[in-house]
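Here the structure is laid out as structure tokens; the discussion comes afterwards.
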Amino acid sequence: MLRYHYQSGPAGGKNVKLRRAMELGLPVIRFHKVAPNAYAPIYPVYVVADDVQSREFTLAVDLSLQALPAIAMRSEIERRYAERVVMQRVHQPAFRARVMLAYETRCAVCVLKKAPLLDAAHIIGDSDDMGDAIITNGLSLCKIHHAAYDQNLLGITPDFRVKINSSLLDEIDGPMLRHGLQEMNGRELWLPKAASDRPDIQRIAFRYDQFLAS
Ligand SMILES: [Zn+2]
């Protein structure tokens, strides 16, 4: 559930529209702010409560969450289900939007600039404790380099250089292997301009150790 404060000023405009959407059971689109002047749309979202006292609406990102008991009453499995839904519907789209903005919609390895072919990859996977959906645990990678990174066929050194697994360097195959992978070996990573958006060195080093071990 997301809280959404009433629009300030006279009780009209957006507040009336949200109230009508609740009465009619119509979905709305929530624009989740990810950076100045940048929003990740979350849809469909439903208005499920209108609290006149606190002057806020409650938005459900998934109607299945309404069937769950109140937060304090939830079982472990219900709590994990709710967390997973919110992760998929709210945090992951925001994570992707932030990563794409920071990397100017380019693959950090090959600089491919084609949004449908790019993923917001986790440096440390989201099933791990350190696998937060935060920009310093993210990399913008094209599909092939994302898969190669996850499979330890491609590593990233703590000084942000690309390493290709030695098992691939000696193979002979077509242009994807040659240009797409082998020629990336030693290449400098394309990084966000803002230092605060760049990958966390500790996470990169942790994953690089796994790459070396493989
Ligand atoms: Zn790439």
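The values are calculated or read from the model by the stated rules, or taken from the named source; none is laboratory data. Please read these numbers as outputs of a predicted model, since none were measured by experiment. Here the Cβ positions follow ideal geometry from the backbone for every residue, glycine too, while neighbour counts run over all protein chains shown. Ligands, DNA and RNA are stripped out before the accessible areas are found, and what is left, the full protein with its side chains, is counted by its heavy atoms. Shrake-Rupley method; radii C 1.70, N 1.55, O 1.52, S 1.80 Å.
Residue-by-condition table, conditions (1) open to solvent by 100 Å² or more (accessible area, probe 1.4 Å); (2) in contact with a helix residue (DSSP H, G or I) (Cβ under 9 Å, 6 or more places away or on another chain):
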| position | (1), (2) |
| --- | --- |
| R3 | yes, no |
| Q7 | no, yes |
| V16 | no, no |
| R19 | no, no |
| E23 | yes, no |
| I29 | no, no |
| V34 | no, yes |
| A38 | no, yes |
| P41 | no, yes |
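Against the conditions (1) surrounded by 14 or more Cβ atoms within 10 Å (Cβ to Cβ); (2) touching a residue at least 12 places away in the same chain (Cβ under 8 Å), K114 satisfies every one except (1). When the residues of the range 76-99 are filtered to those that are open to solvent by less than 70 Å² (accessible area, probe 1.4 Å) and either assigned to a loop (DSSP other than H, G, I, E, B) or closer than 26 Å to D159 by Cβ (or both), the one that is farthest from the ligand (Cβ to nearest atom) is F95. S196 fulfils the conditions (1) within 22 Å of T105 (Cβ to Cβ); (2) buried (at least 17 other Cβ atoms within 10 Å of the Cβ); (3) polar (S, T, N, Q) except for a single criterion, (2). Within the set L191, L141, the sole residue that is in a strand (DSSP E or B), of a type outside the set (K, R) and either open to solvent by 70 Å² or more (accessible area, probe 1.4 Å) or closer than 16 Å to R106 by Cα (or both) turns out to be L141.
Residues D132, D126, D50: which one is of a type in the set (D, E), open to solvent by less than 50 Å² (accessible area, probe 1.4 Å) and either at pLDDT below 90 or more than 16 Å from the ligand (Cβ to nearest atom) (or both)?
Values: D132 fails: open to solvent by less than 50 Å² (accessible area, probe 1.4 Å); D126 fails: open to solvent by less than 50 Å² (accessible area, probe 1.4 Å).
Going through D132, D126, D50 in turn, just one is of a type in the set (D, E), open to solvent by less than 50 Å² (accessible area, probe 1.4 Å) and either at pLDDT below 90 or more than 16 Å from the ligand (Cβ to nearest atom) (or both): D50.
When restricted to residues that are under 16 Å from A213 (Cα atoms) and either open to solvent by 30 Å² or more (accessible area, probe 1.4 Å) or within 15 Å of the ligand (Cβ to nearest atom) (or both), the range 144-158 contains 9.
Might you let me know whether the range 159-169 holds any residue that is within 13 Å of the ligand (Cβ to nearest atom), in contact with a helix residue (DSSP H, G or I) (Cβ under 7 Å, 6 or more places away or on another chain), aliphatic (A, V, I, L, M) and touching a residue at least 12 places away in the same chain (Cβ under 8 Å)? Within the range 159-169, one or more residues are within 13 Å of the ligand (Cβ to nearest atom), in contact with a helix residue (DSSP H, G or I) (Cβ under 7 Å, 6 or more places away or on another chain), aliphatic (A, V, I, L, M) and touching a residue at least 12 places away in the same chain (Cβ under 8 Å). Selection over the range 100-123 of residues that are within 14 Å of the ligand (Cβ to nearest atom), not basic (K, R) and not in a helix (DSSP H, G or I) gives a count of 13.
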